[in-house]
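See below for the structure under consideration.
The values are calculated or read from the model by the stated rules, or taken from the named source; none is laboratory data. The model shown is predicted, which means the values in this text are computed figures rather than measured ones. Every residue, glycine as well, gets a Cβ built from its backbone with ideal geometry; the counts of neighbours run over all protein chains shown.
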Amino acid sequence: MTSLTALTEQYAGVAPRPISFTSWADAVRRSVLSFDFDCDRPDRFTGRVRDRHLHGVSFVDMASGRHAAYRDHRTIRAADAGFYVLTLQLSGDIRIAQDGRVAVLTPGLFALYDSGKPATLTVGDDYRSTCIRFPKTAITPRQDDPLGEITARAFECAPGLTDTVWSTVLSVNRNLESLGVHGPTTVRSLMTLVGAMLRGELGHAVPARSPHEDLLERILGYIDANLADADLGPARIAAAHFLSPRSLHALFERTGTTVSRCIRERRVERCRLDLADPALTHVPASAIGARRGFSGASHFGQVFKRETGLTPAEFRRQTLTGPAE
């Protein structure tokens, strides 16, 4: 049916230390998305999570017992509403409900869900999966949602393009720490493959990208590469791409946002990932904000709380400090 055996051989595994249900919930909120959780026997639950981040993409390995996770409009926040989560089932089963559909995943099947819409995930026994969370702009800079037709649909990891893509995802995941300076380029190339696979699953021809879309993608890459510069703004971005400021603003109007908001959201997202990284607990929150281009601790705190609902210190404490095992 699938090349699951070959894929499983590439699976890098998860953190060896099992964690409690409460710690599992905190870890998933930190590494994937905010959910409300439910479990029949939380006292008997154990789970394992490993997450790493590179160039805006999160690579997450998970294993656990049965439980359920819910995401509704109350849970969804602006700071984490612009992502897709793509998950490959390695053992056990999961039901993903979204957009009036339900995808039932067993080993060798995968599905996509949208972080900006309500979803219910029902996990069975012996659950094990690998997933990637990535910005929607990694697939398309357009304002519309070209993948909305395939959320919560089960697809087979069959020989051909899907096998190639998932083999690459697992290989990059396994070697993430060893990629060094080649990491960002590798992840960009990986997302090109993921985009091709997901467009292929739509089952119909996808219009060719317009020159405007290509230009917008280059501009987004430029913004990501220069977030540390506090002076990054529309005038500089326009000049770097031989555009007038008016043309730049018109380009972003097509996406339903503004240049300044795009910069702000991408800075907050990078800071959110840094604050949730256990390896950076020694770095003051103000320093994290400064290295992502915020002009001062006060400005960083105000913007971060407006976007996430928490101060940087509250967010770090909530994501990194759980109850004793």
Checklist entry - Here is a list of conditions, (1) modelled with pLDDT under 90; (2) more than 28 Å from I219 (Cα to Cα), and Q143 meets all of them except one; can you say which number that is? => result (2)
Checklist entry - Looking at segment 26-57, which of its residues are at pLDDT below 90, of a type in the set (G, A, S) and outside any loop (DSSP other than H, G, I, E, B)? => result A27, S31
Checklist entry - So is L248 within 16 Å of the chain's Cα centre (by Cα) and either under 30 Å from Q302 (Cβ atoms) or not assigned by TED's automatic domain parsing to the domain that holds C131 (or both) or not? => result no
Checklist outcome for this item: Sole miss for A239 among (1) part of a helix (DSSP H, G or I); (2) in contact (Cβ under 8 Å) with a residue 12 or more places away in the chain; (3) exposed (fewer than 14 other Cβ atoms within 10 Å of the Cβ) is condition (2)
Checklist entry - Only one residue in R133, R74 is surrounded by fewer than 20 Cβ atoms within 10 Å (Cβ to Cβ) and of a type in the set (K, R). Which one? => result R74
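Quick one: which of A97, A68, A103 is buried (at least 20 other Cβ atoms within 10 Å of the Cβ) and in a strand (DSSP E or B)?
A103
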Next on the checklist: Filter segment 51-74 down to the residues that are in contact with a Pro (Cβ under 9 Å, 6 or more places away or on another chain) and among the charged types (D, E, K, R) and list them by number.
Outcome noted: R71, D72
Item to check | Conditions (1) under 19 Å from the mean Cα position of the chain (by Cα); (2) part of a helix (DSSP H, G or I); (3) assigned by TED's automatic domain parsing to the domain that holds R52; (4) modelled with pLDDT under 85: number failed by G221 | outcome: (3)
Checklist entry - Is at least one residue of segment 270-283 free of Cβ contacts under 8 Å to residues at least 12 places away in the same chain and either surrounded by 18 or more Cβ atoms within 10 Å (Cβ to Cβ) or part of a loop (DSSP other than H, G, I, E, B) (or both)? => result yes
Item to check | Restricting segment 15-46 to residues that are aliphatic (A, V, I, L, M) and more than 15 Å from L121 (Cα to Cα), the residue that is surrounded by the most Cβ atoms within 10 Å (Cβ to Cβ) | outcome: A27
